[in-house]
Structure formats: structure tokens, C-alpha cells
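Participant: Here it is, the structure, as C-alpha cells.
The values are calculated or read from the model by the stated rules, or taken from the named source; none is laboratory data. Everything numeric in this text was worked out from a predicted model, so none of it was measured. All Cβ positions, glycine included, derive from the backbone under ideal geometry; neighbour counts span all protein chains shown. The area values use the complete protein model at the heavy-atom level, side chains included, leaving out ligands, DNA and RNA. Shrake-Rupley method; radii C 1.70, N 1.55, O 1.52, S 1.80 Å.
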Amino acid sequence: MELKIIRGMNNIGRELLEIRTTEARVVVGFGEDVGTGEISESVNPMIEGLTCGTPSYNGIFILRNPENSNIVNYAIKKIPIFMPKKLKNSFEIYCDFKKIEKNNNIIGITEDTIQKIRNLEITSYVIDYSNFNTHILCFKDCSSGKKVVVSGDFRNYDGKYEKRKLDEAISLINSADYLVIEGKFLGKYGLDYSSGKILFDKLKNIMKFYKQVFVIQSETDMITASNMYNVAMKTKMIFIENTLLCNYSTALNGSGPNPITTKKVYSYSPLVLNNEDFEFKRKYVNPFYINNANQKMKKEKYVMNITKDMFQDMQIFNKEKTFYDACVILAQWKGSAVQDKELEEFINVLKKFGIDYYELYSHGQINFDVIQKIISKLKPNAVIPLDFSFSKDAENLIDNFKVLSKDEIIKI
């Protein structure tokens with residue numbers, strides 16, 4: 001059994017790990033860069049046997065959210081792609097909205113399922129029932145019995161990860177020869193990443209002074225949407241989702257606020273969707289007409305998520321003098337925001353309208369003690385970070401911490 005990091009050691013979102021046995025060859029990751037360089041390679045990755053040439057891989061395992069998963073469409077069509085079922089559903093919605101060609105070779109994996117690829121057995125354990133629906137993956141070489149565990153991108157947003165499920169998963173896995181984690185978990189050792197309460201208080205202190213709060217967030221980020229909704233309820237405001245977020249939140253079935261099942265949640269259809277065809281509107285716009293926010297916006301205080309393609313909407317709001325006691329909050333990871341020139345222009349226009357501007361974001365990633373718990377239970381021979389965004393303090397606290405160079409091969 002062999003491990004190799006193909007790319008993404010310095011790029012959050014672009015990590016690509018290869019796991020190989022005598023008969024099988026798969027990759028884990030394969031996402032887009034979310035704000036740290038090498039954009040051209042991110043857009044069109046040329047990886048022999050994976051994206052070009054004769055297929056030499058037997059599977060791709062995706063663990064990330066839709067916005068940086070559409071790169072899977074560059075994969076050779078014959079290679080099966082595995083991702084959590086919730087992610088698959090939301091990814092298909094995202095592709096329809098963004099006019100991205102769908103890859104029909106995607107397989108949605110569910111809780112505690114086992115995939116068998118030649119002599120490689122992959123078991124999936126759901127440990128996070130948030131919108132990430134995160135899975136720990138255990139790769140077992142059936143010929144040698146060796147195991148590699150990939151921790152995934154799960155979150156501890158005020159306990160949103162399921163402690164019972166995590167304990168159950170690591171108990172069933174029992175041991176690991178190698179544990180692969182995301183290095184950014186170790187980015188600031190000692191920092192409480194599970195800062196939902198801190199974020200909630202900061203939001204509440206801002207939002208209580210306004211009647212209109214416009215939130216710019218990653219388009220499918222339900223963790224931020226959930227926080228905004230909770231603060232809206234505490235400050236007696238209604239919550240408005242644009243059509244993409246309405247569809248995404250509804251498809252996730254309970255992982256966040258949505259206009260169908262959640263009180264005081266309404267929909268807003270951006271003007272750009274007026275150009276869509278009948279079938280698109282029937283499928284994605286019409287189901288939310290009954291909870292349309294247009295009349296509510298004239299009477300009530302509200303929190304509303306907006307995106308840069310709502311430029312025309314915001315211009316009309318300004319022309320009709322709709323803004324009063326308004327602010328806009330950038331609740332998006334700064335690493336991705338700073339490279340987005342269209343978003344920068346959108347924000348500058350909002351500022352010119354006289355809207356107060358704030359930046360507020362929290363990762364909500366797991367605490368270091370959770371990583372230590374996983375290590376103590378599985379007792380891996382080595383712990384490998386998938387990117388370099390870890391601190392020396394954390395490195396010194398983990399036994400057998402091993403940083404791989406690009407294309408360095410570890411034989412297990």
C-alpha cells in the first residue's frame with residue numbers, strides 16, 4: 001500500500017492524495033483552490049490518467065462542498081466519483097445554477113457504506129450531520145490488512161459534529177497505520193475554532209442597530225446561513241434566502257433554515273433568473289413563490305443573503321430608496337474573497353450607496369483536542385497533514401507527525 005500527495009500542499013481546497021495498492025489506485029480530494037494561488041492549474045489540472053490520457057485511476061473520493069467540487073468535471077469520464085449523498089444532491093443543483101456540465105458518473109455514498117475497488121475496501125462513517133454531512137473514510141488494503149484513515153473536513157461548530165458518531169466511528173475503525181488530516185485544523189494551536197457562540201454575539205451586537213442586514217457569504221454555506229438565521233430570530237427579524245440557497249437548504253432536508261419547513265424564512269428570486277427558461281423556473285423558482293419575500297421586505301426588518309450576481313437588484317433597491325438603516329456583512333472566508341474582482345466591485349458599489357460595511361467570519365473547525373482524541377484511539381504510525389497551514393506548536397505536540405513533499409511516496 002502506498003500514499004502520495006499529488007498537489008495542494010499550500011492550497012486550501014486543492015489537496016489531492018493518492019492511495020494505491022497492488023490492484024487499485026484512487027485519489028481523495030480533487031477540489032478547487034479557494035484563495036491561495038496557482039489558479040491556472042486549479043482551473044485546468046493536467047494529471048495523467050486522471051484528467052487526461054488513458055484512465056489509470058479506479059476512483060475519486062470528494063469530501064468538499066459544491067462550490068469547489070465542480071472541478072470533478074475535468075476527470076476522465078470513465079472514472080467513478082464518490083461523494084456523500086447530500087453533497088451529490090446539492091452539487092447537481094449548483095451545476096444547474098452555474099451552467100456547469102454535470103458529470104453523470106457520480107455515486108452518492110451514505111452512512112456506514114462500504115465500497116470495494118479491487119483489493120481496496122473503503123468504509124465511510126458519517127460523523128457530522130451539518131450541511132457538510134462529513135464522512136471519515138477508512139481505506140483498507142485487503143491483501144495486507146494495512147489501513148489509511150482520512151479525517152475529512154468535519155466541523156465542531158458548537159457541537160455540530162456528532163460526538164457519539166465520532167466515538168462509534170473510531171471504535172469501529174479501531175486502528176490505523178496512517179492518519180491523514182487537514183493541516184488547517186492545526187493552523188493556530190490553542191484557538192477555539194468552535195466559536196459559534198462568539199460569532200453569534202458579534203452578529204447580534206451588529207444587527208441590533210439595523211433594519212436591513214445584507215449578508216455576502218459563500219453561496220452554499222449553510223453554517224453561516226444558520227448563524228444568520230438564529231441571530232435574526234433573536235433580533236426579531238425575518239430571514240430571506242435567494243433562490244439558490246433556498247434550493248440548497250431545502251435539498252439538505254433539515255441541515256439549515258429553508259422556506260418550506262422553517263418559520264420566518266422567505267425566498268427572493270434575483271432578477272438574473274428572469275432570463276432562465278421555463279423548465280428551470282418550474283424546477284427551481286416556482287416552488288418558493290408562496291413564501292416570496294417581496295411584500296415582507298417593505299414592512300419588516302430582515303436579514304438577506306446576497307451574491308455578486310445581484311448587482312442589478314441592489315441598484316434597483318437603491319433607486320427606489322429601499323435602503324434604510326442598512327448594513328452589509330462579508331461573512332465569507334477572506335482568502336477566496338480577496339481574489340474575486342467582481343465581488344470587490346460589488347462591495348464597492350454597496351459602499352457608495354451609503355450602506356455600512358463589516359467583515360465577520362469564523363471557520364467553526366474542530367478543536368485540537370478532538371484531533372488528539374482521534375490519534376489516541378487509532379494510534380497511527382504517522383500523522384500526515386494535507387496542507388502546510390499548521391503551526392510549529394501543533395507539530396511538536398503530535399507524535400510521528402510527518403510532512404510529505406509533493407510526489408513523495410510512503411510505502412506502508
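Participant: If you count only protein heavy atoms with a 1.4 Å probe, what accessible area per residue comes out for the stretch 206-273, rounded to a whole Å²?
Facilitator: Using a 1.4 Å probe on heavy atoms only, each residue of the stretch 206-273 averages 32 Å².
Participant: With label points built 7 Å along Cα→Cβ from the Cα atoms of residue 272 and residue 116, find their separation and express it in nm.
Facilitator: Going by the 7 Å Cα→Cβ label model, 4.6 nm.
Participant: Take residue 324 and residue 101, extend 7 Å from each Cα along the Cα→Cβ direction, and tell me the distance between the two endpoints in nm.
Facilitator: My value for the distance between the label points is 5.1 nm.
Participant: With a/c under 1.5 counting as rounded, go ahead and sort the stretch 277-330 into rounded, prolate or oblate using the C-alpha gyration tensor (a ≥ b ≥ c being the square roots of the eigenvalues; past the cut-off, prolate if a/b is larger than b/c, else oblate).
Facilitator: Verdict is prolate for the stretch 277-330.
Participant: Would you pull out the residues with amide H under 5 Å of residue 240's amide H, same chain only if 5 or more places away, H placed 1.01 Å from N?
Facilitator: 266, 303, 304, 305
Participant: Show me, for the stretch 116-126, the HN-Hα J-couplings you get by feeding each phi into the Karplus relation (A = 6.51, B = -1.76, C = 1.60, θ = phi - 60°), rounded to Hz, glycine and proline as x.
Facilitator: Karplus values, whole Hz, x for Gly and Pro: 10, 10, 6, 9, 10, 10, 10, 10, 10, 10, 6.
Participant: For residue 218, list long-range residues whose amide hydrogen, built 1.01 Å from N in the peptide plane, is under 5 Å from its own amide hydrogen.
Facilitator: Here the answer is 333, since their amide H atoms fall under 5 Å of that of residue 218.
Participant: Hey, another quick one. Once you keep just the Cα pairs under 8 angstrom separated by 6 or more residues, what percentage relative contact order results for the stretch 82-130?
Facilitator: It rounds to 34 percent for the stretch 82-130.
Participant: Pulled fully out, how much extra length does the chain show between residue 168 and residue 208, if you take 0.36 nm times their separation in residues and subtract their Cα-Cα distance?
Facilitator: The span from residue 168 to residue 208 would gain 10.2 nm if fully extended.
Participant: One quarter of the convex hull surface, Cα atoms only: what value does that give for the stretch 204-247 in nm²?
Facilitator: Its Cα hull, projected and averaged over all orientations, spans 3.0 nm².
Participant: So what is the diffusion coefficient of the stretch 241-362 in µm² per second by Stokes-Einstein at 4 °C and 1.567 mPa s, using a Kirkwood Rh over Cα pairs?
Facilitator: In µm²/s, the coefficient is 83.
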